[in-house]
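Have a look at the structure below before the remarks.
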Amino acid sequence: MKRKLLFAVTCLLFTGFLQAQQTQQATFKKKNYRNFPIVAGIQFHSFSVPFKDMGAGFSNVGLMLGTEFSFNGRQNWVQGFTIGGYRNKHAGDGAFAFTQTIYRPTIYRNFFAEIKAGVGVLHNFHPVDVYKEQNGEWINAGKKGKTMLMAPVGLGFGFNSYKEGIYFSPFVSYELFLSKDYNDLLPLVPGSVIQIGTRIHL
Amino acid sequence: MKYTLKFFNETKLLTKYVVPTLTILILLSSCRKYTQDITTHEPGTTGPVNTNYSKADTLQKILQEFTKKQIPGAAIALYSETEGWWETTAGFAKLETNQLMKPGHLQYLQSVAKTYMAVAILQLKEKGLINPDAKISEYLPEPYLHYITGANKISVRHLLNHTSGVAEYTDDINYSAYILQHPNERLSTQKLMSYLDGKKSEFEPGSKYRYRNSNYELLAIIADAITGDHAKYISENILQPLQLSKTFYRNDVHYPHYPNLVNSYLDRFSNSSLENVSIMQQTNVANMIGDDGMIAAPRDAVGFIKGLFTGQLLSPASMTEMKTWVKDKNGNDIYGMGLYTLKFDGVTAYGHGGSGIGAGCGLYYVPSQGVYIFFATNAGTLVDGPVVDKVMELKDKIMSVVVN
């Protein structure tokens with residue numbers, strides 16, 4: 001299942017990448033966007049359903065790094081790639097990698113909104129060391145946790161004033177990380193992430 | 001050149017302010033030493049046991065076998081009407097320090113607390129302070145009354161035998177998420193019950209059986225309204241008469257922090273990796289009233305069920321009421337008032353099981369054998385998975401020996 005999904009995602013991204021290269025050349029004159037900016041930001045994670053208990057996240061700091069390319073040479077349809085991690089002392093730290101398709105319409109002058117959804121993987125560590133029984137002995141197995149498929153969906157808001165040179169495009173976004181098979185009691189668990197970052201167009 | 005300079009300036013800004021700030025934040029968050037374990041002291045000795053108990057060797061071997069198969073520690077205490085007291089333990093009260101589980105260690109009773117709560121309500125009925133057939137809207141104070149849909153159709157009896165149709169507060173995903181993100185935070189009863197606010201009844205009261213922790217949380221609130229303090233009532237009318245001095249339920253200033261309390265372990269990801277969740281377990285248990293919250297030495301738990309079934313707590317009429325069973329969806333007798341009726345190898349037993357984040361237990365009376373038994377483990381049994389499967393297997397093996 002996981003292999004099929006990864007294959008499908010790889011194909012989709014490769015197709016998108018080729019398309020982006022072609023579209024970029026075709027629409028060169030009217031573009032408001034350059035592919036492959038550096039996307040960097042700080043984020044705050046909490047184990048909560050959307051828009052609940054949002055304050056909890058501010059003690060769980062994380063970092064994200066990514067890039068993206070446009071499907072049409074403009075900023076309104078892009079495919080993003082993100083890796084990152086966060087600390088969460090109570091629910092366990094996390095490391096993730098995901099890709100998202102992002103719809104980013106301009107809403108007023110240089111301000112844009114974002115709606116994004118995608119797929120990825122999340123590794124959730126245990127908050128403390130765990131013990132495993134092996135041949136009747138209990139062994140300290142460290143904090144190693146579990147890797148889960150996840151669906152990151154989000155809403156965002158930002159500013160993009162296109163320049164030919166290097167420029168920054170700041171944004172804030174609210175993401176919901178839905179992780180699958182957390183355990184046998186909770187097949188789907190939510191994580192909420194507030195991200196503050198910028199795209200650095202080089 | 002212009003762009004290079006601009007990039008240089010912006011990079012300088014980034015390296016001068018943004019990167020150091022982020023680094024400090026990350027370092028600060030990674031400096032926090034986080035643990036969940038508690039100190040568990042060596043308990044004192046318990047009362048005398050019959051060292052010649054006929055099933056001692058078999059039960060001891062079962063415990064030893066399972067505490068070498070994913071279960072950290074386990075305890076059994078029992079009273080046989082013909083052979084007297086016997087108790088044993090195996091495995092560890094705390095894995096991190098290889099501290100052995102001993103009979104005097106305190107265990108979590110989890111949902112077994114419902115039996116105590118039901119006894120308290122039936123005692124109040126005997127005193128004429130509550131009518132089991134009255135609607136809960138007569139007793140339930142605000143804001144709780146506001147949270148329960150159809151409270152004017154639900155009777156106290158419906159709560160006692162889980163036929164109320166009230167939704168389950170623990171099923172709310174907000175509750176689960178909050179517990180995982182704030183494992184050490186004490187939650188008020190009002191906060192717990194607020195998860196029921198706006199939830200529809202699951203069915204017409206009295207029309208079917210569905211086990212819900214909410215029912216017993218509501219009974220504790222009602223008992224508070226009647227007595228002023230249901231925990232004090234339980235202490236004075238159940239624990240003290242039976243001389244259960246090692247049972248703790250909000251009846252002293254230390255609750256829930258006791259030096260002999262075992263550490264608790266959770267298989268968080270259902271993959272047989274046990275994580276110490278002792279503070280989370282302790283906090284979660286202390287959050288609940290009526291449906292959970294009891295901590296006791298194994299022998300005390302046995303003392304309670306023995307006291308109940310030997311008529312020391314309730315009148316014969318109330319005992320009959322307590323053992324008036326409602327049926328499950330298959331038409332089988334299942335639940336009375338704070339009591340299950342079960343069959344182990346075809347032999348009837350009465351009692352209750354308990355599941356928690358970091359513990360599991362069972363307290364049963366087997367009339368045909370004249371045996372009262374309590375068993376407990378410090379492995380969490382709330383989250384299904386291979387560890388819980390082992391605990392269930394252990395329970396079946398213990399009960400199979402006891403009833404045969």
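Before moving on, here are some points about what is shown:
- Restricted to the range B:331-404, the set of strands (runs of 3 or more DSSP E) holding at least 1 residues that are touching a residue at least 40 places away in the same chain (Cβ under 8 Å) and within 13 Å of the chain's Cα centre (by Cα) comprises B:347-355, B:360-366, B:371-377.
- Options A:Gly154, A:Gly197; residue that is within 22 Å of A:Thr82 (Cα to Cα), surrounded by 18 or more Cβ atoms within 10 Å (Cβ to Cβ) and more than 12 Å from chain B (Cβ to nearest Cβ): A:Gly154
- Qualifying residue in the range B:91-104 (condition: outside any loop (DSSP other than H, G, I, E, B) and under 15 Å from B:Val302 (Cβ atoms)): no
- Leading residue by the ranking (farthest from the other protein chains (Cβ to nearest Cβ)) among those in the range B:167-218 that are of a type in the set (Asp, Glu) and in a helix (DSSP H, G or I): B:Glu217
- Near pairs, Cβ below 6 angstrom, 6+ apart or cross-chain, from the range B:197-216 (within 16 Å of B:Asp291 (Cβ to Cβ)) to any residue that is of a type in the set (Ser, Thr, Tyr) and not in a loop (DSSP other than H, G, I, E, B): B:Asn213/B:Thr170; B:Ser214/B:Tyr169
- Per-region count, the range B:116-130, residues closer than 29 Å to B:Ala301 by Cβ and part of a loop (DSSP other than H, G, I, E, B): 3
- Out of A:Ile115, A:Ile102, A:Ile139, sole residue that is of a type outside the set (Asp, Glu) and within 11 Å of chain B (Cβ to nearest Cβ): A:Ile139
- Filter result (in a loop (DSSP other than H, G, I, E, B), among the charged types (D, E, K, R) and over 23 Å from B:Lys323 (Cβ atoms)) within the range B:131-166: B:Glu142, B:Lys153
- Here A:Gly120 meets each of (1) in contact with a Leu (Cβ under 9 Å, 6 or more places away or on another chain); (2) closer than 30 Å to B:Thr97 by Cα with one exception, condition (2).
- Candidates A:Phe177, A:Phe159, A:Phe168, filtered to the one that is in contact (Cβ under 8 Å) with a residue 12 or more places away in the chain and either within 14 Å of the chain's Cα centre (by Cα) or more than 22 Å from A:Asn35 (Cβ to Cβ) (or both): A:Phe177
- Conditions (1) under 28 Å from B:Phe92 (Cα atoms); (2) in contact with a strand residue (DSSP E or B) (Cβ under 9 Å, 6 or more places away or on another chain); (3) modelled with pLDDT of 95 or more: number failed by B:Pro386: (2)
The values are calculated or read from the model by the stated rules, or taken from the named source; none is laboratory data. Predicted, not measured: the structure shown is a model, and the values here were computed from it. Using ideal geometry, Cβ is built from the backbone for each residue, glycine included, and neighbour counts are taken over all protein chains shown.
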